[in-house]
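A quick write-up on the structure given underneath.
The values are calculated or read from the model by the stated rules, or taken from the named source; none is laboratory data. Note that the coordinates shown come from a computational prediction; the quantities given were computed from them, not determined experimentally. Positions of Cβ are generated from backbone atoms using ideal geometry, with glycine treated the same way; all protein chains shown enter the neighbour counts.
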Amino acid sequence: MNGHGGGVSSGSGDVEEKHVSTGSKAAEEKHVSSESKAVEEKYMSTESKAAEEGRDHDVLLAAVWPVTEWYRENKRDLPWRKQTDAYHIWVSEIMLQQTRVEAVKSYYARFLEALPNVKALAEVDEDRLLKLWEGLGYYNRVRNMQKAARQVMDVHHGEFPRTYEEIRALAGIGNYTAGAVASFAFGIPKPAVDGNVLRVVSRLLCSDEDIMKAGVRQRFEREIEAVIPSEAASDFNQGLIELGALVCVPNGAPKCGECPLGGTCLAREKGCQEKLPVKKKAKERRIEKRTVFIFRDGHAVAIKKRPEKGLLAGLYELPNISGHLDGEEAIAYSKSIGLTPVRVKVLGAAKHVFSHVEWHMIGYEMLVDELEKNCSDRMIFAEDGELEGKYPIPTAFSAYADLAKGNGRGR
Ligand code: SF4
């Protein structure tokens, strides 16, 4: 019994053991083989990644002197390139992030004439500062410039800091601006990667990665930093930017025939330069309808101060409300704030595009009696000339503000 039982038991144990053993061996083999495949794949991907990075490094390294020399021969003669003062470079760089080079020229001259140094910027009254920025948009940028100027006065005793890290630590200064000021003013070999550089490098390396991703920008920054020549950091960085602005242009065919990198550019070699860079589509903007009013009497025009936070914070605006009001609704609104119009003029439509929202505006000009005395809403009554000289009205309202300016008299 024991024997049989033992035999059965033993046999069954053998079978079981054998089964277990076969199963575990198969599993083990399978495990070993998938593990080795994973290791192999990992090894291969590390290897191909390393090869790719090595190739990118070589292509960028080969671009250094052609770009630098091309820049020295072809750079545009721009006011902020005539000197290497960090304050001047900083002002120009922030303005260039707002608008076109041609438009920046007059803003730059006007700003520096009014605020010739960091101390003047740190001390200027906010309304005057915003007035100097009027038309450039993104007013928070200039507010941050004032904060940074105050940091320079307080922390650096009025001397613009001379290291990348200290410049990067100033309010409103990100990697690009810090790299631009550090390299253009002090020759520090740090990258300055803006949209132009992202486009050039993306094509040069034939990279199909989305340049809107922070990780891609950071990788480009690292790769550029590894090749910046310490004896020509400024000209190399500015060369990449200038090349993007003049030759490796966006929206259409880059001028590869004129490019100093034509012989080494991987996108040109593969014929895919017009498909690059890959840039994910921006989110669709929200549309907001607004009705804008010019309330005036014989002496003044009504304006309001916007809240200290949010869109166009702290700036002045013509009174406006949400929605498109017809003539009757506009008159009813006017009366609701104590203003009975003696004459109403329908103004044309206007549109202003912000980064996330579009304002679609219509307007009315209302002539009223004794604006200040009758108006029950909290408003400011700007006298002749004050809209030009005193109150910064954002560009969003320019279609109507231009009509309101200088017209307070006798209409
Ligand atoms: S060869 Fe063409 S695509 Fe390549 S960097 Fe020059 S302009 Fe851009």
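The rows are residues; the columns are (1) within 27 Å of GLY327 (Cβ to Cβ); (2) assigned to a loop (DSSP other than H, G, I, E, B).
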site: PRO260; (1), (2): no, yes
site: GLY263; (1), (2): no, yes
site: ARG268; (1), (2): no, no
site: LYS280; (1), (2): no, yes
site: GLU284; (1), (2): no, yes
site: ARG290; (1), (2): yes, no
site: PHE295; (1), (2): yes, no
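What residue, among those in the range 396-411 that are out of contact with any helix residue (DSSP H, G or I) (no Cβ under 9 Å at 6 or more places or on another chain) and loosely packed, with under 15 Cβ neighbours inside 10 Å, is modelled with the highest pLDDT? The selected residue is ASP402. Only residues that are among the hydrophobic types (A, V, I, L, M, F, W, C), at pLDDT 90 or above and under 18 Å from LEU403 (Cα atoms): list them for the range 348-382, please. Matches in the range 348-382: ALA349, ALA350, MET361, ILE362, MET366, LEU367, VAL368, ILE380, PHE381, ALA382. Summed over the range 277-332, the residues that are at positive phi and surrounded by fewer than 15 Cβ atoms within 10 Å (Cβ to Cβ) give a count of 2.
Take LEU371 and decide whether it is more than 39 Å from the chain's Cα centre (by Cα) and surrounded by 14 or more Cβ atoms within 10 Å (Cβ to Cβ). Yes, satisfied.
When you check TYR364 against the structure, is it buried (at least 19 other Cβ atoms within 10 Å of the Cβ), in contact (Cβ under 8 Å) with a residue 24 or more places away in the chain and in a strand (DSSP E or B), yes or no?
Values: buried (at least 19 other Cβ atoms within 10 Å of the Cβ): yes; in contact (Cβ under 8 Å) with a residue 24 or more places away in the chain: yes; in a strand (DSSP E or B): yes.
Yes, satisfied.
Filter the range 196-231 for residues that are farther than 18 Å from ALA51 by Cα, crowded, with 16+ Cβ neighbours inside 10 Å and away from the ligand (no atom under 16 Å from the Cβ) and give the result. Answer for the range 196-231, where residues must be farther than 18 Å from ALA51 by Cα, crowded, with 16+ Cβ neighbours inside 10 Å and away from the ligand (no atom under 16 Å from the Cβ): ARG217, GLU221, ILE228.
Okay, residues lined up against (1) farther than 29 Å from VAL142 by Cα; (2) within 16 Å of the ligand (Cβ to nearest atom):
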| residue | (1), (2) |
| --- | --- |
| GLU159 | no, no |
| TYR176 | no, no |
| SER183 | no, no |
| SER234 | no, no |
| ILE241 | no, yes |
| ASN251 | yes, yes |
| LYS255 | yes, yes |
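Looking only at residues in the range 67-108 that are assigned to a loop (DSSP other than H, G, I, E, B) and of a type in the set (Asp, Glu), the one that is surrounded by the most Cβ atoms within 10 Å (Cβ to Cβ) is ASP85.
Check LEU318, LEU266 and return the single one that is in contact (Cβ under 8 Å) with a residue 40 or more places away in the chain, of a type in the set (A, V, I, L, M) and within 16 Å of the ligand (Cβ to nearest atom).
Numbers: LEU318 fails: within 16 Å of the ligand (Cβ to nearest atom).
Criteria check complete, one pass: LEU266.
There is at least one residue in the range 223-230 that is touching an Asp or Glu at 6+ places or on another chain (Cβ under 7 Å) and in contact (Cβ under 8 Å) with a residue 24 or more places away in the chain.
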